[in-house]
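One structure is given below, encoded as structure tokens.
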Amino acid sequence: MNNVPGICRICGNTLVAQDWGGAGCGRCGSVSATILPTEQELNKYYERYNETYEGGHSGGQNLNRYSRRYFSILKRIIKKGEIIDIGPSKSPFPNLCDQNGFSVTVMDFVKPKELATKVSFIEGNLNDKSSLNLILGRFDIVSAWAVIEHVQQPKLAVEILTSLCKPSGYVIVSTPEIGTFLTKNSVGHSGWFHPPMHLHLISPLGMRTLFAQNDFALVKWGRLELNLMRYCLRYGLGLFEAII
């Protein structure tokens, strides 16, 4: 493992170390690992990631549920075109896009066995830009669902995401919530922070900062949940804690 300075990798502010192992940024509200795994350690970790990943404690059912939610969001933005999905692991989302007329490419550490025949695959990740020259500026949609919290260097990751996108295209990113009124005032620290898997939790302000550096503007921000009941439970509890 490599020690790194206590500087926020999102906005450049000084980080404040916390007793739970991470560090918080007082300016943008993001949370970061103070010690990053090496590239070799990450490669080894994700070589076998697909073997056990099931999208939460659901026996794999949440993979299907979230894929349908992701696709509904995609369809509100664009009806057809060329999409690259980053780091889907075993998610059915790329196949769902393929079945509905999109031209689909997947980029990940390891090719998922479940990918449809027509879906193209590129071995790569958001920690390394060196192998992507042939596909820069090609895609109408670049999606990274629950991926950016896994990366070593968020600035590089956003640079890669935006460089893959056409000038008139869109980047769709989902990530655990941090740095909002609810999370700042909730009890304890975020359960989403657990290296070497989740290395950075990026706040809405942090995300806007990173994308603005690459000339991308926020079109829409919102909270993603599978259904209304889960939404009310999660954010109702957060609101209750914040008020108390």
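The values are calculated or read from the model by the stated rules, or taken from the named source; none is laboratory data. Nothing here was measured: the structure is a model prediction, and the numbers come from that model. Glycine also receives a Cβ, built like all others from the backbone with ideal geometry; neighbour counts cover every protein chain displayed. Just the protein is used for accessible areas: all its heavy atoms, side chains included, with ligands, DNA and RNA removed. Shrake-Rupley method; radii C 1.70, N 1.55, O 1.52, S 1.80 Å.
Give me a count of the residues in segment 220-237 that are in contact with a helix residue (DSSP H, G or I) (Cβ under 8 Å, 6 or more places away or on another chain) and either open to solvent by 80 Å² or more (accessible area, probe 1.4 Å) or in a loop (DSSP other than H, G, I, E, B) (or both).
Counting residues in segment 220-237 that are in contact with a helix residue (DSSP H, G or I) (Cβ under 8 Å, 6 or more places away or on another chain) and either open to solvent by 80 Å² or more (accessible area, probe 1.4 Å) or in a loop (DSSP other than H, G, I, E, B) (or both) gives 5.
Is it the case, given these coordinates, that Leu96 is in a helix (DSSP H, G or I), modelled with pLDDT of 95 or more and open to solvent by 30 Å² or more (accessible area, probe 1.4 Å)?
For Leu96, the condition - in a helix (DSSP H, G or I), modelled with pLDDT of 95 or more and open to solvent by 30 Å² or more (accessible area, probe 1.4 Å) - is met.
Mind counting the residues in segment 206-219 that are without any contact (Cβ under 8 Å) to a residue 12 or more places away in the chain, of a type outside the set (D, E, K, R) and not in a loop (DSSP other than H, G, I, E, B)?
1
Restrict the check to segment 167-179 and report whether at least one residue is over 20 Å from Gly21 (Cβ atoms), touching a residue at least 40 places away in the same chain (Cβ under 8 Å), of a type in the set (Ser, Thr, Tyr) and part of a strand (DSSP E or B).
yes
If you check Ser186, Ser203, which single one turns out to be more than 18 Å from the chain's Cα centre (by Cα), touching a residue at least 12 places away in the same chain (Cβ under 8 Å) and surrounded by 14 or more Cβ atoms within 10 Å (Cβ to Cβ)?
Within the list Ser186, Ser203, the selection yields Ser186.
Under the condition of being touching an Asp or Glu at 6+ places or on another chain (Cβ under 7 Å) and assigned to a strand (DSSP E or B), which residue from segment 70-93 is farthest from Glu47 (Cα to Cα)?
Out of the qualifying residues, it is Glu82.
Give the residue, chosen from Val106, Val16, that is within 19 Å of the chain's Cα centre (by Cα) and not in a helix (DSSP H, G or I).
Result: Val106 is the single residue among Val106, Val16 that is within 19 Å of the chain's Cα centre (by Cα) and not in a helix (DSSP H, G or I).
Restricting segment 119-166 to residues that are part of a loop (DSSP other than H, G, I, E, B) and over 16 Å from the mean Cα position of the chain (by Cα), which is surrounded by the fewest Cβ atoms within 10 Å (Cβ to Cβ)?
Ser130
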